[in-house]
Amino acid sequence: MTRPLKLNEDRLFPADARTRDIARALYREVAALPIISPHGHTDPAWFASDAPWTNATELLLAPDHYLYRMLYSQGVTLDALGVPDRNGVPATDPREAWRLFSAHYHLFRGTPSRIWLDHVFAEVFGFDTALSADTADAYFDAIGAALATPAFRPRALFDRFGIELLATTEGAHEPLDHHAAIRASGWRGRIVTTYRPDAVVDPEHHDFAVAMARFAELSGEDVYDWRGYLAAHRKRRADFRAAGATATDHGHPTAATANLSAGEAERLFRQIATGNWTPADAELFRAQMLTEFAAMSVEDGMVMQIHAGSCRNHNRVLFESHGRDKGADIPTRTDYVHALKPLLDRFGTETRLSIILFTLDESTYARELAPLAGHYPCLKLGPSWWFHDSPEGMRRFREMTTETAGFYNTVGFNDDTRAFLSIPARHDVARRVDCAFLARLVAEHRLAEWEAAELAQELAYGLVKKAYKLDDPEFPPVAAAA
Amino acid sequence: MTRPLKLNEDRLFPADARTRDIARALYREVAALPIISPHGHTDPAWFASDAPWTNATELLLAPDHYLYRMLYSQGVTLDALGVPDRNGVPATDPREAWRLFSAHYHLFRGTPSRIWLDHVFAEVFGFDTALSADTADAYFDAIGAALATPAFRPRALFDRFGIELLATTEGAHEPLDHHAAIRASGWRGRIVTTYRPDAVVDPEHHDFAVAMARFAELSGEDVYDWRGYLAAHRKRRADFRAAGATATDHGHPTAATANLSAGEAERLFRQIATGNWTPADAELFRAQMLTEFAAMSVEDGMVMQIHAGSCRNHNRVLFESHGRDKGADIPTRTDYVHALKPLLDRFGTETRLSIILFTLDESTYARELAPLAGHYPCLKLGPSWWFHDSPEGMRRFREMTTETAGFYNTVGFNDDTRAFLSIPARHDVARRVDCAFLARLVAEHRLAEWEAAELAQELAYGLVKKAYKLDDPEFPPVAAAA
Amino acid sequence: MTRPLKLNEDRLFPADARTRDIARALYREVAALPIISPHGHTDPAWFASDAPWTNATELLLAPDHYLYRMLYSQGVTLDALGVPDRNGVPATDPREAWRLFSAHYHLFRGTPSRIWLDHVFAEVFGFDTALSADTADAYFDAIGAALATPAFRPRALFDRFGIELLATTEGAHEPLDHHAAIRASGWRGRIVTTYRPDAVVDPEHHDFAVAMARFAELSGEDVYDWRGYLAAHRKRRADFRAAGATATDHGHPTAATANLSAGEAERLFRQIATGNWTPADAELFRAQMLTEFAAMSVEDGMVMQIHAGSCRNHNRVLFESHGRDKGADIPTRTDYVHALKPLLDRFGTETRLSIILFTLDESTYARELAPLAGHYPCLKLGPSWWFHDSPEGMRRFREMTTETAGFYNTVGFNDDTRAFLSIPARHDVARRVDCAFLARLVAEHRLAEWEAAELAQELAYGLVKKAYKLDDPEFPPVAAAA
């Protein structure tokens, strides 16, 4: 049986008629604002080469752990879905993988993945029947055909999506060739990078040794010496700024920071560099490095992002067969109050420092993060993250942070995605949910309608530019070479 | 002053007219579905003997810690309510106890106990005036009179309630005579047992020594030897399966699991069996046993339930006078991510393993449990439990788990009760709250109405049968001897 | 541009028309009830001297850390706002400070501070245009002019606000002169004190040594001897009762309690008194003192309040320049289940003991606090506190505690403020939010309307009087000397 696919124009707005009318009016003014995506994981190679994507499975399914983790949880193997393992892409027929996915599409009822995908299907590809086992082949064929056309090349979609700026994330040990190629190409899409040094900061990272070697090469510094190591970071940060970066990003298991003396830090680094460390040393080193990066940010003005609290690669067997980032990262309870104190004791009142905090532990919203951001000038709250980047998750974020931190200590929306086609869908969801929240405040006479209208603009567009210094003269936009 | 008692047909539905209409339509299709009660604590003796209950106090009040804990919190003594202490049932006049309860009935405003009781009063007994000090005697008399009639015998009510299956819970050290008697009686009510070995797994359990002795007797194994102990569990699990069990249940203070080597496990057991252990040893033994039970489930297919996080018998004085299960169990903060890893490292990808997780720590819903269940094939989420088995608790459960785990990694409703008469009320509340949640998704255009209708059926009936393997050919229904 | 200021009569009620109508009807009956403020931090000197306040900045802005913390978080210095530092009031022009505050008033959108201030502006001062940069001077002038009139003296406002009782908080080491002066003055406003011994109980308190010396003087006891120290507390508690106190208050970093033997307690005290202690000793001493205070409450009937879980003075630099209570206190994760057990093991069933628990960790509402208060006769739940004393915070409090603890184990509202002019606003918000919550229960047919009406009265007026023993013959009202 075939079901229609139609995005209702009031989706995600409250059912109450008065509140819905207010939400609709607020949304109307922000729906078409340009998209600023200041943090995410799209591949800059797409925009450098502008090569066409191949098929629905390789574009939408196999790289998206939000999707295959759900099917995996119901007993579907990753091989059957075409997800690469440590030996590369399996020999699965992409069409068969797509059929399998389509037959399980009901699993996504009530999830944000469903909302994003339906948006992509309807808005990007123009489908008007819902995905199901019955329509799997029609979908696969139509998507494949569309992707072969110029209008579905990466740059064409970037322009069509109304993206004003897109930030990718590269490691300290990675070259920025794709960004250089984009600039050299003369295409004017504004794609910038972000400095993510985790692989050379976390001795427990599986690529640490390799990454350090590449870091040495790229920086030309002796990164096995404490002074050389810090100098290498400074050099590479400058490289990243030249490629448009205004921000760094730090994905640590906890939010721990440390404030060691110079001598202690150097001794600790020597242990790390020589492979002579315990897990506690590794944690202390990551903690100290957050403080070192804060020091560098005080110098160079780069905005710090801290994404803390993910227990990575929880599924031992899957990690052994398939490696990292396969949907097996699980959030953990996270402390910020004591964890951030060493860094804040040293730099908490530095006016040039700006740190955006993210959490996977919602119990910290009202208890720790909103009180911290509602006090410290250097702290801002990143939007609801990862598992919580969803209608209910965003609503809880606003309900639990606004009363203490206000709206102006938040930084707008991050899509944080590697699923490029879903970017407009994700921003649309965020704008709708924020308008719904504001509409409730108006309907309950807690805000005037004109204030809500101002706030809707700020949440969709204004705050993110300010928080990521995108208009800051200190960070001039990187111009295309043409 | 006498007040009317009338259950509104729209109770627990949202006030918004559009959403309410949707909820009502969804509920209409599931209201009369058979009840499956896969986990609870009713007494199988009731159905074996089919003897009449005596009076309101002994049936409804004295055994129900949800009720007397509230009165106790306001200074009423348990003696005055007829609650048994370590010396047995106090000499309190049941009618006086009932009067005292009735005079305090206002304390339950806003609680689920109030909803369940009013349902029992109106639907099971047909009252149309509310319980209060003024109507206490009339209630006591009418309930007593009803209970003396055949229509209010346990089996008659079981049939009237439309119960398709009811699971009780027995210890590894307990005989299954009542279940045998039920089957031998020729009555066709499907009542099954559940394997709950806590008393022979937890050395800190007050009945550990006695339970071990009974366990040895019933199994005919040397349970003080590690191999004999494991063999006894296997034997008794087989006994339980023969009495219809498809599941085991584990009520541990934490969710800790361990993965000791065979030698370590045997050494640890020797300490436990000889009484030569510390609290840390006890915790490690419970943890290791969860992993051992997972191994057995991989063999015999029984579904594991883990009910973790209750600090039992918190009130020292009350425990000394009245013993266990007297309303003094208090939830505690509970970790699942690190706690379950040892078990999952060993069995996390076993396709025959199925573990249903319960929590008393709602902060783990979105942070830990939904991400775990939304990834691991062997993990499912049990419904909101105990203190959270309530309209607001169920709503929070859906709001905080659905976006990450979806609906299909949940397992329908458990009433988990020893209050047999409240079973229809509890399932009715669950169905209403789930329909209300689905209705909101429909009203906000996040689900199509036909999808919500399918889901309402699954949540009320379909998922529980699948999760507890009630239709699995591996577990043929136990037939009545007749 | 000037915007109107008008308090909507339906503010904070739900948008749904049916629910709103019910809320409005409930609120109508409680809106004008007298205010009982059983816990707060207003200055008794105001009422003793009845001297006029000076200007908007000194009255409303400079003492209110809710306000200046938000501006500070956005880079405004405390000096520029006229906030005193360790050297006293800065030389800032109060009018300039007020202008700065007014220009940043948009930061408070969505916060309770905005609701309270607008209420003060509209209801206390009669403004009908909103505060903004454009109206800053007009506000400053009008407020200054009003404060110079007799109608805006402290006692006149106390009477105008309909306050039946107001409790202040004084330290064990502080005299009660202002309270004596109030009574001696013949004015009949009922202002009582509360016994807050933190400064002589917490060796880590920065005033500990000085406070101990004053404690010795005022009590005439040898407070450096364990027996003398306890006797001094008993004497001062009697002094406080004579000044109307019915309650004590304990603001500890954690809720830890201890149950040491007499000998252990005495040894520990000797270490504390001689300055020979570690942080762990300090924590243990605070813990033991909660149990000692419970013992005293069993004797003298004073109600204990425990305000646990604030990490004080988190901002090192700010603490060094400005001292305590400057908006840099951050909540922390807090355990109650294990923390309170030592005290409860000893006194948990004492019928004369009553302890009101407060938390800054909302994850404990449903998990720990409601189960504890729904069981122990001596435990009650204080209202949502500090960062959570807000519409969303109060709603979450009711949603997460009512189903387990009911309404009758809660104690009405505390404004807990040093901002005297905001007291009517804060009570009005609490009454509105409670009526909105009750209205939802009525609209969902979970409560009858007459029950909700009874509860609205209890939540606004009845429960607080009972919980704080304000009508208890054991605590006769302190009569004015006239």
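The values are calculated or read from the model by the stated rules, or taken from the named source; none is laboratory data. Remember, predicted model here, so these are calculated numbers, not experimental data. Glycine also receives a Cβ, built like all others from the backbone with ideal geometry; neighbour counts cover every protein chain displayed.
Could you identify the single residue in C:103, C:62 that is surrounded by fewer than 17 Cβ atoms within 10 Å (Cβ to Cβ) and away from chain A (no Cβ under 11 Å)?
Values: C:62 fails: surrounded by fewer than 17 Cβ atoms within 10 Å (Cβ to Cβ).
Only one candidate qualifies: C:103.
Does residue B:416 satisfy the criteria of being of a type in the set (Asp, Glu), more than 14 Å from chain A (Cβ to nearest Cβ) and touching a residue at least 12 places away in the same chain (Cβ under 8 Å)? When the stated conditions are applied, residue B:416 passes them.
I'm checking my understanding of the structure. Among residues of the range B:242-285 that are among the small types (Gly, Ala, Ser) and in a helix (DSSP H, G or I), which one is nearest to the chain's Cα centre (by Cα)? Lay out the reasoning, then the answer.
The first filter runs over the range B:242-285 and keeps only residues among the small types (Gly, Ala, Ser), leaving B:242-245, B:247, B:251, B:255-256, B:258, B:261-263, B:265, B:273, B:275, B:280, B:282.
With the extra rule that they be in a helix (DSSP H, G or I), the set shrinks to B:242, B:262-263, B:265, B:273, B:280, B:282.
On the way: B:242: 21, B:262: 33, B:263: 36, B:265: 30, B:273: 30, B:280: 28, B:282: 25 Å.
Residue satisfying both the conditions and the ranking: B:242.
Consider the range A:106-120 and keep the residues that are of a type in the set (Val, Ile, Thr) and facing another protein chain (nearest Cβ under 8 Å). The one that is nearest to residue A:433 (Cα to Cα) is A:115. Helices (runs of 4 or more DSSP H) fully within the range C:318-413 that include at least 1 residues being within 14 Å of chain A (Cβ to nearest Cβ): C:391-405.
Let's see how each residue does on (1) under 26 Å from residue B:193 (Cα atoms); (2) at pLDDT 95 or above; (3) within 24 Å of the chain's Cα centre (by Cα):
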| residue | (1), (2), (3) |
| --- | --- |
| B:73 | no, yes, yes |
| B:97 | no, yes, no |
| B:101 | no, yes, no |
| B:118 | no, yes, yes |
| B:144 | no, yes, no |
| B:165 | yes, yes, yes |
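Just checking, does the range C:295-308 include any residue being away from every other protein chain (no Cβ under 14 Å), among the small types (Gly, Ala, Ser), surrounded by fewer than 21 Cβ atoms within 10 Å (Cβ to Cβ) and more than 16 Å from the chain's Cα centre (by Cα)? Yes. Has the range A:375-386 got any residue that is at pLDDT 95 or above, over 22 Å from residue A:248 (Cβ atoms) and within 16 Å of the chain's Cα centre (by Cα)? Scanning the range A:375-386, I find no residue that is at pLDDT 95 or above, over 22 Å from residue A:248 (Cβ atoms) and within 16 Å of the chain's Cα centre (by Cα), so the answer is no.
If you go through the range A:371-392 and keep only what is buried (at least 24 other Cβ atoms within 10 Å of the Cβ), free of Cβ contacts under 8 Å to residues at least 24 places away in the same chain and not hydroxyl-bearing (Ser, Thr, Tyr), you end up with just A:375.
Of the residues making up the range A:254-280, those that are buried (at least 16 other Cβ atoms within 10 Å of the Cβ) and over 20 Å from residue A:231 (Cβ atoms) number 7. Screening residue C:86 against (1) under 23 Å from residue C:113 (Cα atoms); (2) in contact with a Ser or Thr (Cβ under 7 Å, 6 or more places away or on another chain); (3) of a type outside the set (Asp, Glu); (4) surrounded by fewer than 22 Cβ atoms within 10 Å (Cβ to Cβ) leaves a single unmet condition, (1).
Against the conditions (1) away from chain C (no Cβ under 14 Å); (2) in contact with a Pro (Cβ under 9 Å, 6 or more places away or on another chain); (3) part of a helix (DSSP H, G or I), residue A:460 satisfies every one except (2). Within the range C:116-164, the set of residues being of a type in the set (D, E, K, R), touching a helix residue (DSSP H, G or I) at 6+ places or on another chain (Cβ under 9 Å) and more than 23 Å from residue C:102 (Cβ to Cβ) comprises C:153, C:155, C:160, C:164.
When the residues of the range B:4-57 are narrowed to those that are among the polar types (S, T, N, Q) and touching a Phe, Trp or Tyr at 6+ places or on another chain (Cβ under 6 Å), which ends up nearest to the other protein chains (Cβ to nearest Cβ)? Per the stated criteria, the residue is B:57. For the range C:207-227, how many residues meet the condition of being surrounded by 16 or more Cβ atoms within 10 Å (Cβ to Cβ) and among the small types (Gly, Ala, Ser)? Residues that pass the stated criteria total 3. The residues listed here are B:305, B:288; of these, the one that is under 13 Å from residue B:250 (Cα atoms) and in a helix (DSSP H, G or I) is B:288. Residue A:358 fulfils the conditions (1) within 23 Å of residue A:435 (Cβ to Cβ); (2) over 22 Å from the mean Cα position of the chain (by Cα) except for a single criterion, (2).
Answer yes if at least one residue in the range A:363-370 is out of contact with any Cys (no Cβ under 6 Å at 6 or more places or on another chain), more than 14 Å from residue A:254 (Cα to Cα), among the basic types (Lys, Arg) and touching a residue at least 60 places away in the same chain (Cβ under 8 Å), and no otherwise. No - not one qualifying residue is present in the range A:363-370. How many of the residues making up the range A:1-59 are modelled with pLDDT of 95 or more, among the hydroxyl-bearing types (Ser, Thr, Tyr) and touching a Ser or Thr at 6+ places or on another chain (Cβ under 6 Å)? Residues flagged as modelled with pLDDT of 95 or more, among the hydroxyl-bearing types (Ser, Thr, Tyr) and touching a Ser or Thr at 6+ places or on another chain (Cβ under 6 Å) within the range A:1-59 amount to 1.
Please find, within the range B:460-481, the residue that is nearest to residue B:193 (Cα to Cα) out of those that are touching a Gly at 6+ places or on another chain (Cβ under 6 Å) and crowded, with 20+ Cβ neighbours inside 10 Å. Show your work before the answer.
Within the range B:460-481, the subset touching a Gly at 6+ places or on another chain (Cβ under 6 Å) is B:463-464, B:474, B:478, B:480.
Then drop every residue that is not crowded, with 20+ Cβ neighbours inside 10 Å, which leaves B:463-464.
Numbers: B:463: 19, B:464: 16 Å.
Taking the candidates together, the pick is B:464.
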